[in-house]
Each structure stands twice: as structure tokens, then as C-alpha cells.
Amino acid sequence: MEKFSVKAVRESSAVGREVQLQGWIRTRRDSKAGFSFLEMNDGSCLGNIQVIADADLANYESDVKKLTAGCSVTVAGTVKLSGGKGQSTEIQATSVEVHGGADPESFPLQKKRHSFEKLREWAHLRPRTNTFGAVARVRNEICKAIHSFYQNEGFLYVHTPIITTSDCEGAGEMFKVTTLDLTQTPSKDGQPDWSRDFFDRPSFLTVSGQLEAEVFATALGKVYTFGPTFRAENSNTSRHLAEFWMIEPEMAFYDLNDNMELAENFMKYIARQVLEHCEEDLGFFNQRIDDTVLETLETIADQQPFVRLSYSEAVECLASCQQNFEFPVTWGVDLQSEHERFLTEIEFKRPVILYNYPRTIKPFYMYCNDDEKTVRAMDVLVPRVGEIIGGSQREDRLEVLKARMAEQDLDQDNYWWYLDLRRYGTVPHSGFGLGLERVVQFVTGMTNIRDVIPFPRTPGNAEF
Ligand code: 4AD
Ligand code: MG
């Protein structure tokens, strides 16, 4: 007997096959006519399969009639066309083997719906719910799309380090990595003696793989890195995690326009792939979570280009729009999520790429424009989520870069290798970072970023 997934037996082409299925019971209903209906799920798709277990099964009274939500089973049987509404196939069981029970008194996932807050306390069980199963499948599809996009475009996948000694974003939001016992270590001028630490110097979890990706881009052309990144920012918002995944392409000989073009094509590709491959799950999100999910995805996937607006134009628009913002907008301030959402949801009703930001609010590595006030930065903003991509053309002129580092109080000695890229064969180059969880939020409509990553890390939370 062949093993089948629930997804496979729900296809009408499976009718007539003798199959074996393995998964977890969602519900059991007993009919007066002497048999039971079991709803079973194995995670291969959103929908369950209905299993009909007759009373003449040897273990009907002893096992089948005791099945409750959460029990694990192996079912053997025949795939039949179903008479029930909303389902095309069902299984007539020839055997039901029970692996593990799930005491209905204590198993938390009963039929009643739980809030997403409550489910976060059961991060070890929430993948068994419809919503979190669907999130996991969509997240997987997005990751597949990410790799296939860059591989098709001739990019090389490089692995940048997770432990680093440089602060890419210069924001001082890094987690320290140490093997020193900080209570025992003798300190030099009030500081622990880092020369006795594992790496002989202070080291951290990376906030971005960009600087190392630049090393490879300036040798191999087009590269991307995709891995976990860490930020010790103490912000408890629905869009920030302390540990999140980022995709960072980096391209030699790309200017800011090329960079924006790539970002736009990339977003469109992801939207098209999930629309094509996650129909059932997206239908669920559109119905249960946010009824604009499909429509916004379709606006991204269509032929229309994203809106492109300079930061200065955006400020003009926001300052004159008669909207009551919590944070008023003047030239030079960093835009808040309320401003980003206004632009994408109300003013333009589609994704917007903002570029040429004030140099004072952006990191040291961004290319300085001739106006001496702005840098060649770009952010891609999307409805509901706001900033989903941040990137820039990189400063490739040694002297300008050094001046920028001095301006931001960065120690050039720590970045000697990064400066070398400008000393030897420097080239115009660009790149950006896309936050994976923000994409999953955007695609699914889930409002809290803690619900689109399996095990969220936020201030005070690292239980699982
Ligand atoms: O704008 P950010 O900070 O840019 C960089 O890190 C650049 N070094 C990227 C590059 O040019 N290679 O972050 C990029 C994206 C943001 O647009 C956002 O989607 C996501 O990463 N992001 C976060 N996602 C979840 N939680 C956080 N704390 C995030 N911080 C940034
Ligand atoms: Mg940013």
C-alpha cells in the first residue's frame, strides 16, 4: 500500500486508489448508523480529508471511538468520490492505527478559536492550526521563489557570517557574542578585557550581511545572501523582531535606478509565484484574515510599475495632504509607518519606491549625491506593511566614504577591508535588503510579525 499525503488524496485522480495516510485528527463525529467520520490533516494542505471508519473495524470501540482532536493516526483505505458538500474525495478506512492520544482535558487546541496572542504561548502546538499551517506553507513558497528568482537572474548565493565585528547599520543595535564571564573578568578602564575573549575583540551577531556581500559582488558581479539577522532594538511593534531573516542582493555596476528596477521585478516575481502556487492558503487568508490580500497581491503582480518618488517629493505630499499624523513631517525627519501607509494605501494605492533620502538619517555606506544633502538610498513601501525593502547605491569613492565614516564616528581601522574594496578596482555598486517576515506579513495579511515566524524573538520572549 502506497503512502499518500492528504493533498494527494484530495485530487479526484486519486479515486479508486488503495492508500495509507498519516496525520492528526481534527474532529470525530459518530453517526447513529454505526460508523464514525474522522477529519484528518497532515499539513500537506489547508483542507482536511474525511475518513469513514465503520463499526466493524476490529479496534472500533477500543480506539476509534476514543479519538479526539490532536491524536495521531495511520489510516489505510480506499479513496472514494464524496457525496459531502465542499469535498470531492473521502477515505473508506480498512484500518485505523492510533499512535498517540491527546487528552481532551489538557490538549489546548480544542474546537473553539483561540486568539493569536494566546497561540503564541503555545508556539510548539500552533503549527497544527489552520492559520499557522498556512503561514508555514506560504513562507516556504516565498523562500522557493526568492532562490529561483536570483538563480534565474544569474546571481551567486553566498553565505555571509552570522558572527561579525562590524556594525553595518551603525545604529549600535547589536547583540554581543562572548565567552567571557563578565562578572569574573578583570576589566581594563571599566571595560571587560576583550583581548581575552574568544575572538580577541568585541564581536556581535550580524545586523546585515551587506558589507561581506559587497566583498563578493566586487569580485563575482551579482550575488545574494539570505540568512538570519539580529537587532537588539527595544521596539515592541507589530513589524519588528530581534531575530529575522533577510535577503540581500548586491550587484557590481548597478546604480540606484538599476537597483530599484531589480527590487520591483523581485517583488512582482514573488507575488506571481505565491498567487500561482498557494491558491488554497491565500483564499483562506483573504476570507479569514484580511479581505484585501488577494487584491493587493494582484496589483503588485500586474504590469503596472511601482510609483517612484523622491524623499523630497514625498515630504511635500505628506505636508500638504491635510491628514492628521501623529508625527508631523518636515524635510529631514525619518518617515514613520503612518506616513508610509498613507502613501501606499491612500495616496497611490500601490507600492511606492522612495529614493534620495537625507544623508543625516541614513548609514555611512550610502552614495552621497552632489547636492551634499541627500544619499542614493531607496526604500520600497507596500500597503499595510510600510517599508519592506531598504537599500542604496554604495559609496564607492574612498575619500568620500572616509569622510562619511568620520561624520558618524566610526573607527576606520575596524573597516580596513571594506575600505580596501574602494582602494583596489572600485566600481559603482548597489544592493538592498528585503525582510522575509515583512513579505510573509504582506502576502498573508497577518497583522503581527510574531505570527509569521515559527519562533519569534522579541524583548523578553525566547521561550521556545
Ligand atoms: O533597512 P534595513 O535596516 O537595511 C539594511 O540592513 C541594509 N544593510 C540592507 C542592504 O542594503 N543590504 O533592513 C532591510 C529590511 C527592512 O526594509 C525590513 O523589511 C527588514 O529588513 N527589517 C526588519 N524586519 C523585522 N524586524 C526588524 N527588526 C527589522 N529591521 C529591518
Ligand atoms: Mg530601513
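Worth pointing out:
- Selection of first residues in region 432-456 that are farther than 12 Å from ILE289 by Cβ and of second residues that are open to solvent by 10 Å² or more (accessible area, probe 1.4 Å) and of a type in the set (Gly, Ala, Ser), restricted to Cβ pairs under 7 Å at least 6 apart or on distinct chains, gives the following pairs, ordered by first then second residue: PHE432/GLY390; GLY433/GLY390; ILE449/SER238.
- Among the residues of region 205-237, the ones that are at pLDDT 95 or above, among the hydroxyl-bearing types (Ser, Thr, Tyr) and open to solvent by 40 Å² or more (accessible area, probe 1.4 Å) come to 1 in all.
- Residue in region 18-34 that is nearest to the chain's Cα centre (by Cα), counting only those that are surrounded by fewer than 18 Cβ atoms within 10 Å (Cβ to Cβ) and within 17 Å of GLN87 (Cβ to Cβ): THR27
- Members of region 182-198 that are open to solvent by 80 Å² or more (accessible area, probe 1.4 Å) and at pLDDT 90 or above: ARG196, PHE198
- Of all residue pairs spaced 6 or more apart or on separate chains, none has beta-carbon atoms under 6 Å together with a first member in region 315-335 that is more than 17 Å from THR360 (Cβ to Cβ) and a second member that is among the hydroxyl-bearing types (Ser, Thr, Tyr).
- Residue in region 143-166 that is of a type outside the set (A, V, I, L, M, F, W, C) and at pLDDT below 95 present: yes
- Restricting attention to region 423-440 and to residues that are open to solvent by less than 10 Å² (accessible area, probe 1.4 Å) and either aliphatic (A, V, I, L, M) or out of contact with any strand residue (DSSP E or B) (no Cβ under 8 Å at 6 or more places or on another chain) (or both), the residue that is farthest from ligand 2 (Cβ to nearest atom) turns out to be VAL440.
- Scanning region 314-327 for residues that are open to solvent by 80 Å² or more (accessible area, probe 1.4 Å) and within 30 Å of the chain's Cα centre (by Cα) turns up GLU326, PHE327.
- Among residues of region 33-46 that are on the phi > 0 side of the Ramachandran plot, those with a Cβ under 8 angstrom from a residue that is in a strand (DSSP E or B), sequence gap 6+ or separate chain, pair up as GLY34/ASP54; GLY43/GLY23.
- Top-ranked residue of region 97-144 - restricted to ones that are of a type in the set (Lys, Arg) and more than 23 Å from ALA462 (Cβ to Cβ), ranked as surrounded by the most Cβ atoms within 10 Å (Cβ to Cβ): ARG137
The values are calculated or read from the model by the stated rules, or taken from the named source; none is laboratory data. All figures in this text were calculated on a predicted structure; none of them were measured in a lab. So basically every Cβ, Gly included, is an ideal-geometry build from the backbone, and we count neighbours across all protein chains shown. Areas reflect the complete protein model, heavy atoms only, side chains present, ligands, DNA and RNA absent. Shrake-Rupley method; radii C 1.70, N 1.55, O 1.52, S 1.80 Å.
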